[in-house]
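Reading through the structure tokens given below for one structure.
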Amino acid sequence: MIPVNWYLTLAAVLFCIGVYGFLTRRNVVIMLLSVELMLNAVNLNLVAISHYMQDLSGQILTFFVIAVAAAEAAIGLAIIVTVFRNRRTVLGDQITELRG
Amino acid sequence: MLTLPQFFFIYFALAIIFLAGMAVNVRNPVHSVLLVLAMFFHMAGVYLMLNAEFLAAVQVIVYAGAVLVLYLFVVFLVNIKEEIRLKRFIGSYTTGRVITIGMLATLLAAAWSFKLGPAGTWSIEAVREITHTRALGIEMFSHYMLPFEIAGVILLVAVVGGMALAKKDRNRATTTEERRALMRGEELGE
Amino acid sequence: MMDMKRVIQKAITDYCRSEKWAVFAVIALLVLAWCGTVCASGDPGHGELLVGGGEVHGTAPHGIPGGGEQDELAHGEHHGDVGHEGGLWTYQKLNTRQELPFYLLLIPFLPLASFIFTILFGKRLGEKHAHWVPIAAVLTSFVCALIALKEVMNGNRINCDLYTLISSGSLNVSVGFLLDELTAVMLIVVTSISSLVHIYSVGYMHGDGGYYRFFSFLSLFTFSMLMLVTGNNFIQLFFGWEAVGLSSYLLIGFWFNKTSAADAGKKAFIVNRFGDFGFALGVILIFLLFGTLHYEPVFSQATKMVGQSYTLLGMTFDMPTLVALLLFCGAVGKSAQIPLHVWLPDAMEGPTPVSALIHAATMVTAGVFLVARCNPIFGLSQFALDVVTVVGAVTCLFAATIALVQTDIKRVVAYSTVSQLAYMFIGCGVGAYGAGIFHLFTHAYFKALLFLGCGSVIHAMSDEQDVKYMGGLKKYLPVTYWTMLLASLSISGVPGLAGFFSKDEILAMSYASTSGAGKFAWAIGTLVACMTAFYSFRLFFLTFHGKFRGTEEQRKHLHESPRNMTIPLCLLAFGAVASGWVGIPAALGGGAHWSHFLQPVVGHPAVHLSHATEWKLMCLSVGVGLFGIAAAYVMYVLKPGVPVRIAATFSLAYRWLYNKYYVDELYFATIVQPTINIGRKVLVKVTDGIMIEGIVNGIPKSIGVISGQLRRMQTGRVHHYLAYMASGAFIILFWMLKR
């Protein structure tokens, strides 16, 4: 039998890898990919706990996370395409329009 | 001694961590996407170990099949050759590492101190009896009807939004150069 | 539209200009007053209440001495059946009505209405008519005050709240009226003097640019003073107290173009602040002790203060003493006693009718009224009473000595006022509040008369106030001469006139007092009686006898004042003569009605004085008074060179007195100058320059610095924002786990 903490540990490590990529990579596409990693870590947590608690709510929530992740990917990538079209770059540290 | 499930878990875990770590570290974005793709397959394997067959299938179909392909297409926009020569990380990546390590320590502490609450009604046997997909369906279309509908709307919004954002409007200036040209009073050329 | 407006305006103006309008106003006000009276006296429970009062008190209703008391009086002794020890405040036992009759409301509010009306429309009415409304209002008030007096003499008291302003916890601030013997006396004094002064002012202020302003302020003052005396709680008393201070300020500085007048107004206001500070503290302390500010509960529970004490800065104060002395602080300021007397002589910068009304007859006596009103509190502390007596005695001598040498006609009378007020305080201090109020009553008439007479002289002399340039005015101003003579005789204590009875009562009471302070005050008082006679007749002889010493120009303009000035003088002269007759002591075969009338409110000192002693005291005071008059006659009529020689011989003393003991200079050096220095050096430089400007400029500066640093966070780089967000998430996570 695998303790639930193993799954949680794996999810924690995966989440932190996602955070790491999100915070350090310059390429916006890879940053979004890192977000996918974090979402997967969350999904893993949900499914594992759902399994061990014998409650399907967690898995249902995973569905919604996947749906939102898909939507986020679609929108996010569309924004990247627009930004690239305007600025000819997808490097996050070269886009400083937020400063206003 | 490790049992067989434990052995499989350790394999999957190490593979996932390796693949994910590689994915955020490699230079080439295409490789990065492909590594994540491989990671997603392993994640689906973990789901199978957790008796979530349907989710495993969704993981493969939606994530691996749809989302990552979308990523690949976007990555192809970028000039890969130039991209490879550039720096991978931002200048102040040390901050990111520090935050990551702090967060990792906190999350690990949380993971190891985690205690399960009381068990619910959907035992493994109960799920197995009516199959996983059916069980999920019963749960989703009874208790989670409204969130399900909302998720559908969100997806619709994403579809419309993605199309609206990415579409190249011939009649409107969408790039900075075109906008500047418009301001100079020039006709938009092809 | 504009036409309509103009037509209406013209109609109003025309109507206002016509004489019949003024007549109508007077008639309407009188009708209103009488309606109120009829309504009030139509009360069915009236008679029964009257009987009740007689029963409970054990004697016949006051003002009509009953059989029992007559017998005691026959034994010829000052005797009180209400001692100071046994709870003076007997209101709840007496018949006090809880409803407010209409005439009582009219008394203060008619002058208020007239103030509002005159200040708004007076300019339009012009000099010919601006005085009608104030005079009508104050005369009606006087009529109403007479009705109130009649009610009180019938044994009816009124103690009722009109309107509650603030009700917060136990704090209950309300506009309420208390009508009892003391109030009735004060009402008569205030309204009668005010009426006469209003009439007098018509002549005196003739041709002044601020004519309507003067009358509106006079009305405002009358309103304030009436609110002060009719209030049934300390807050209303305080309101009236400050409001009379305000109107006094406005009227002293009436000729605000004159620097000295404006300064005098400010001085009066600021000096009074010192006293009012203590007074306010006293009121607050009363509220803390009793949880209420109404007279009736406070005075009926006053004895519960006995034995309590209050420790401040290591000094322990007996509670009744502390409260009484704090209240007395206010009285000292308002009644110009040492050490806060300095404002009153300067207040003579105001128009003379103002000096007569405010600075002689009414406002300055508010301090005496306060002490008499709070007699249940003062009665609890022998120490406080001794302080009152000693302050009174010292001020009495102090002011009288200054008055001996002053040459400004109004300043002499002003110092005389200070001295006479001190007599009243002596009376209160020895527990004879009734005697103090009696002197207040008589003094109001003869001192108002003296002032108005001075005003008449000044008017005739084309605004010359220095007696050095007067003299021989007797033949030019006959009415003024004779009325002033009566007033001077009255203040000197010549038997049969008002001042004699009241002053003698005070001296007798202080002599009979068991405390050393009382004896001291008696000695001083008798000495000052001599001085009073001397300086009064010095002034009188210098003004009216001898040769005219003014310029030819002034001599040509000498004239008797118009009739609207002389008639008030004559009426006041009647008051100066006759007002004492209501309190002829038993020793002279009188009924001592006065002290019996006031006894329910202020009690009567439990002293025993044989008729023989009283006769001796009387003879002594009359003797010294006559001696003073004779001395003045010798020095200023028979041998005019004597005063100069005396001044030369005792030049040091003369200079001290002439410069008023250098008190003003002392205050300037010890209080005013340090205050200015502190203002310049500490407040301007440290408080304003460093603290306030430091705060005002420092906060924006630090905001600028901090935001300058903060804006550097806004790099526009998404990674930085992400780092903030992630660290925030991390901190929250960490905090949740730690819990």
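The values are calculated or read from the model by the stated rules, or taken from the named source; none is laboratory data. All figures in this text were calculated on a predicted structure; none of them were measured in a lab. As a convention, Cβ positions derive from the backbone with ideal geometry for all residues, glycine included, and neighbour counts pool all protein chains shown. We work out accessible area using only protein heavy atoms, side chains counted, and drop any ligands, DNA or RNA first. Shrake-Rupley method; radii C 1.70, N 1.55, O 1.52, S 1.80 Å.
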Residue hits (the stretch A:71-89; facing chain B (nearest Cβ under 7 Å) and either closer than 15 Å to B:Ile154 by Cα or of a type in the set (A, V, I, L, M, F, W, C) (or both)) are A:Ala71, A:Ala73, A:Ala74, A:Ile75, A:Leu77, A:Ala78, A:Ile79, A:Ile80, A:Val81, A:Phe84
Log entry, pairs with first residue in the stretch C:319-338 being without any contact (Cβ under 8 Å) to a residue 60 or more places away in the chain, second being of a type in the set (Ser, Thr, Tyr) and open to solvent by 10 Å² or more (accessible area, probe 1.4 Å), beta carbons closer than 6 Å, six or more apart or on different chains, reads C:Met319/C:Ser309; C:Met319/C:Tyr310; C:Leu322/C:Tyr310
With the first residue restricted to the stretch B:61-76 and required to be in contact (Cβ under 8 Å) with a residue 12 or more places away in the chain, and the second required to be assigned to a helix (DSSP H, G or I) and of a type in the set (D, E, K, R), Cβ contacts under 8 Å at 6 or more apart or on different chains are B:Tyr63/A:Glu36
Checked pairs for the stretch C:579-594, first outside any helix (DSSP H, G or I) and at pLDDT below 80, second open to solvent by 10 Å² or more (accessible area, probe 1.4 Å) and of a type in the set (Val, Ile, Thr), C-beta under 6 Å and 6 or more apart or across chains, list as C:Gly590/C:Ile584
Checking A:Thr62, A:Thr89, A:Thr82 in turn, the sole residue that is part of a loop (DSSP other than H, G, I, E, B) and either of a type in the set (S, T, N, Q) or farther than 30 Å from B:Ser142 by Cα (or both) turns out to be A:Thr89
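Against the condition closer than 29 Å to C:Leu327 by Cβ and open to solvent by less than 10 Å² (accessible area, probe 1.4 Å), how does C:Ala460 come out, does it pass? Step through it out loud before you land on a result.
Values: closer than 29 Å to C:Leu327 by Cβ: no; open to solvent by less than 10 Å² (accessible area, probe 1.4 Å): yes.
It is false that C:Ala460 is closer than 29 Å to C:Leu327 by Cβ and open to solvent by less than 10 Å² (accessible area, probe 1.4 Å).
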When you look at C:Phe279, is it open to solvent by less than 20 Å² (accessible area, probe 1.4 Å) and either touching a Lys or Arg at 6+ places or on another chain (Cβ under 6 Å) or not in a helix (DSSP H, G or I) (or both), yes or no? no
Discussion item. Tell me yes or no: at least one residue of the stretch C:246-261 is surrounded by fewer than 24 Cβ atoms within 10 Å (Cβ to Cβ), free of Cβ contacts under 8 Å to residues at least 12 places away in the same chain and more than 24 Å from C:Ser114 (Cβ to Cβ).
Written reply: yes
Residues in the stretch C:203-225: is at least one free of Cβ contacts under 8 Å to residues at least 24 places away in the same chain and open to solvent by less than 10 Å² (accessible area, probe 1.4 Å)? yes
If we ask which residues in the stretch A:6-43 are at pLDDT below 90, open to solvent by 10 Å² or more (accessible area, probe 1.4 Å) and at the interface with chain B (Cβ under 7 Å from one of its Cβ atoms), their number turns out to be 1
Per the filter on the stretch C:133-153, residues touching a Pro at 6+ places or on another chain (Cβ under 7 Å) and either of a type outside the set (S, T, N, Q) or surrounded by fewer than 23 Cβ atoms within 10 Å (Cβ to Cβ) (or both) are C:Ala137, C:Val138
Per the filter on the stretch B:81-96, residues more than 16 Å from B:Ala23 (Cα to Cα), more than 7 Å from chain A (Cβ to nearest Cβ) and assigned to a helix (DSSP H, G or I) are B:Lys81, B:Glu82, B:Arg85, B:Thr94, B:Thr95
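Suppose we filter the stretch C:473-492 for residues that are in a loop (DSSP other than H, G, I, E, B) and open to solvent by 10 Å² or more (accessible area, probe 1.4 Å); how many remain?
Qualifying residue count, the stretch C:473-492: 1.
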If we ask which residues in the stretch C:101-132 are within 22 Å of C:Gly210 (Cα to Cα) and surrounded by fewer than 21 Cβ atoms within 10 Å (Cβ to Cβ), their number turns out to be 13
Check: If you check C:Thr687 against the conditions, is it open to solvent by 50 Å² or more (accessible area, probe 1.4 Å), away from chain A (no Cβ under 14 Å) and more than 30 Å from A:Cys16 (Cβ to Cβ)?
Finding: no
Scanning the stretch B:16-34 residue by residue, those assigned to a helix (DSSP H, G or I) and more than 17 Å from A:Cys16 (Cβ to Cβ) turn out to be B:Pro29, B:Val30, B:His31, B:Ser32, B:Val33, B:Leu34
Of the listed residues (B:Ile10, B:Ile17, B:Ile99), the one being on the phi < 0 side of the Ramachandran plot, facing chain A (nearest Cβ under 10 Å) and open to solvent by less than 40 Å² (accessible area, probe 1.4 Å) is B:Ile99
Is one or more of the residues making up the stretch B:108-124 within 26 Å of A:Leu10 (Cβ to Cβ), among the charged types (D, E, K, R) and either within 7 Å of chain A (Cβ to nearest Cβ) or surrounded by 14 or more Cβ atoms within 10 Å (Cβ to Cβ) (or both)? no
Flagged in the stretch B:44-54 as at the interface with chain A (Cβ under 9 Å from one of its Cβ atoms) and in contact (Cβ under 8 Å) with a residue 24 or more places away in the chain, in numbering order, are B:Val46, B:Met49, B:Asn51, B:Ala52, B:Phe54
